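Asker: This is the structure I have questions about; it appears just below.
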Amino acid sequence: MNRLSLAHLPVAPAVDPRSLSVGVVHLGLGAFHRAHQAVITERAAALTGDTRWGISGVSQRSATVREQLAPQDGLYAVLERGAGDPTIQVIGSIREVLTAPEDPEAVVARIADPSVSVVTLTVTEKGYRAKNGALDLDDPEIQADLTGRPPRTVVGQLAAALARRNEPLTIVSCDNLVANGPFLRRLVAEYFEALGKVPEVFEASRFPASMVDRIVPATTDADRDEAARLLGVRDEAVVVAEPFLQWIIEDDFAGARPAWEQAGAVLTSDVAPWEQAKLRILNAAHSMLAYLGALRGYETIAEAVRDEELAALAHTLITDDAIPTLTPPDGLDLSSYGATVLERFANPALKHRTTQVAMDGSVKLPVRLLGTVEDRLAAGAEPTTLALAVAAWMVYA
């Protein structure tokens with residue numbers, strides 16, 4: 001069977017990839033980015049005709065993604081698994097793949113390129129190399145970057161590129177961290193302070209907060225076979241996702257950018273209410289279903305939410321405990337959002353394992369549950385479902 005490529009293209013991308021020039025650099029070229037930001041960026045280009053926003057994707061670890069995409073001319077498919085039959089779309093917005101460990105200088109040079117005005121990141125919390133809310137200056141890799149080597153850390157890469165630029169950047173963290181943009185800005189500022197010089201372009205650059213949401217499970221051989229059946233060609237870079245996709249971005253940019261809002265992203269002056277809704281509704285219910293489901297012997301969240309008793313408990317947590325503590329942002333109906341969350345959890349095609357969601361409960365639960373507990377107690381209510389969730393974690397752990 002032929003490999004997906006420009007020569008063997010059964011389903012065309014929304015935009016001819018050959019027309020795209022690089023205007024965005026993405027650090028952390030994993031499956032999530034390819035199923036989320038890259039999809040929205042391509043949609044924006046298709047809807048506006050603005051072809052300045054091809055993506056240079058940077059792998060911070062291995063060359064695996066480059067080796068998957070290079071024979072395919074950068075093309076890959078997103079296999080959406082919902083309640084019905086799966087659907088597939090080919091994405092062509094990633095026009096270049098760089099591997100930071102092999103050529104860190106190329107990464108800095110690309111971010112410093114005047115044609116680039118936006119950097120996005122999905123590098124996980126560990127990739128920020130922070131400790132107690134500040135840059136870990138004792139981290140050996142941070143120390144090595146500060147000595148002047150071609151930087152291998154994300155903060156070092158951003159700082160080195162900013163130091164070369166004349167025009168400011170917009171740097172959008174898409175990692176699951178509260179107030180992620182201001183947090184990243186603080187880390188880069190601390191890096192410059194350690195160097196003893198803060199360039200003017202840093203002060204003019206913007207680090208908007210953002211919140212992302214889409215379930216992107218690991219791709220399996222069965223997924224690759226399904227993609228091949230739907231496409232008629234082999235795709236070694238296919239990613240799997242649920243139909244739901246959300247991107248909330250603080251409306252604070254330094255210059256030109258893709259028209260993400262045309263493609264479904266929400267621009268807002270304050271991301272915090274959206275973050276709170278996700279933490280207290282989606283994440284809290286997810287954790288409760290994981291612990292109670294695992295204790296009942298269910299392997300996946302979908303199995304747990306099909307248990308009528310557990311589904312009723314999750315619904316009660318959302319409607320009786322979480323929603324009364326939240327101020328809804330403009331454009332979000334909390335009751336509808338809660339119902340959508342439970343529908344997503346019930347998707348059997350995603351196979352989100354209860355044991356995976358249950359990991360690191362001592363870190364997750366204080367953020368996901370305890371603030372709601374405090375607010376409900378202050379209101380004179382008894383948050384029984386939240387107490388049950390904590391008790392389930394204690395038994396599970």
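Just so you know, all these numbers are worked out from the coordinates, no wet-lab data involved. Since this is a predicted model, take the numbers as computed values, not measurements. Counting neighbours? That spans all protein chains shown, and the Cβs are built from the backbone with ideal geometry, glycine included.
Asker: Is there a quick way to get the dipole size of the chain? I mean about its Cα centre, with the Cβ of Lys and Arg at +1 and of Asp and Glu at -1; what is the value in debye to the nearest 20?
Answerer: The calculation lands at about 700 debye.
Asker: Separate question: Going 7 Å from the Cα of residue 319 along its beta-carbon direction, which residues of segment 336-379 have the amide nitrogen within less than 20 Å of the resulting point?
Answerer: Under 20 Å, as judged by backbone N against the label point of residue 319, lie 336-347, 373, 376 of segment 336-379.
Asker: Does the chain come out rounded, prolate or oblate, given a ≥ b ≥ c as the square roots of the eigenvalues of its C-alpha gyration tensor, rounded meaning a/c under 1.5 and, failing that, prolate meaning a/b above b/c?
Answerer: oblate
Asker: Quick check: from the Cα gyration tensor, does segment 273-396 come out rounded (a/c under 1.5), prolate or oblate?
Answerer: oblate
Asker: Still on this model: Taking springs between alpha-carbon atoms closer than 10 angstrom, which of 148, 127, 23 fluctuates most in the Gaussian network model of the chain?
Answerer: Highest fluctuation of the listed residues: 148.
Asker: Now a separate question. Run the count for the chain, please: Lys pairs, Cα-Cα under 30 angstrom, 8 or more apart or on different chains.
Answerer: For the chain, qualifying lysine pairs total 10.
Asker: At 7 Å along the Cα-to-beta-carbon direction for both residue 64 and residue 1, put a label point, then send me their distance in nm to one decimal.
Answerer: That separation, rounded to one decimal, is 2.1 nm.
Asker: Rank 45, 237, 311 by mean-square fluctuation in a GNM of the chain with C-alpha springs under 10 angstrom and give only the top-ranked residue.
Answerer: Between 45, 237, 311, it is 311 that shows the largest mean-square fluctuation.
Asker: Here's another thing I want to ask about it. Assigning unit charges at the beta carbon (Lys, Arg +1; Asp, Glu -1) and nothing else, what dipole magnitude in debye, to the nearest 20, does segment 1-106 show about its Cα centre?
Answerer: Charge dipole, segment 1-106, about its Cα centre: 140 debye, nearest 20.
Asker: Tell me which of 168, 392, 7 sits at the most positive position along the dipole axis of the chain, charges placed on C-beta atoms (Lys, Arg +1; Asp, Glu -1).
Answerer: Among 168, 392, 7, the one farthest towards the positive end of the dipole of the chain is 7.
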